[in-house]
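Down below is the structure, laid out as C-alpha cells.
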Amino acid sequence: MAKTSFRSQEVLGKALLDHQEKVVLQIGRDSWTRQALIDELHCGNFVAAAKLTKVLRDLDVKSVKDAYRSLLFTELMAIRGVGVTCLYVLMTAMEARALNPLVWVDWDREPRTLLTKITHARIEFTRKPKKAKAA
C-alpha cells in the first residue's frame with residue numbers, strides 16, 4: 001500500500017491547500033501565508049494577522065523593521081481592535097526578522113506586567129455600565 005501524506009491534495013483537496021498559501025500577514029514588503037505563519041512564526045492567529053495587516057497598511061508601515069523602529073506598542077494598543085493578540089503576531093514577525101520584541105516594548109523600563117496592565121485598562125475603559133432593572 002502506497003503511503004500518502006494527509007497533507008496531500010488528494011486527501012485535503014485543492015481549495016484548502018490553496019487557502020493555506022494565501023497571504024494572511026502583510027507588513028509592507030514582508031509577508032507570510034497562513035502556512036508560513038504556522039511554520040515560520042509558530043503562530044496560528046489568522047484573524048489577528050489579518051487585522052494587523054489592515055492596521056499597519058493604514059499606518060503606511062514599510063516593513064517589520066520599519067514597525068520596530070517607528071511604532072510604539074502603546075500607539076498600536078490605542079487603535080480600536082488592536083489588542084494583545086495582534087501585538088503577539090507582530091512580535092513573532094519581529095522575532096522572525098531577528099529583532100528583539102522585548103526591546104521594542106521597552107520591557108526593562110516598566111514592570112513585567114505591562115501588556116496585561118494595558119489590556120485590563122482597556123477592558124475597564126470599554127465596559128459599559130449595567131442598566132438598572134425597571135421596578
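At-a-glance table
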{"quantity": "Qualifying residues in segment 60-77 (those that are closer than 17 Å to Val103 by Cβ and of a type in the set (A, V, I, L, M, F, W, C)) - the one modelled with the lowest pLDDT", "calculated": "Phe73"}
{"quantity": "Failed condition for Ile118, given (1) modelled with pLDDT of 90 or more; (2) surrounded by 12 or more Cβ atoms within 10 Å (Cβ to Cβ)", "calculated": "(1)"}
{"quantity": "Residue satisfying condition, being assigned to a helix (DSSP H, G or I), surrounded by fewer than 15 Cβ atoms within 10 Å (Cβ to Cβ) and either polar (S, T, N, Q) or at pLDDT 60 or above (or both), within set Arg57, Arg80", "calculated": "Arg57"}
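The values are calculated or read from the model by the stated rules, or taken from the named source; none is laboratory data. Everything quoted here is computed from the prediction, not taken from an experiment. Positions of Cβ are backbone-derived with ideal geometry, glycine not excepted, and every protein chain shown enters the neighbour counts.
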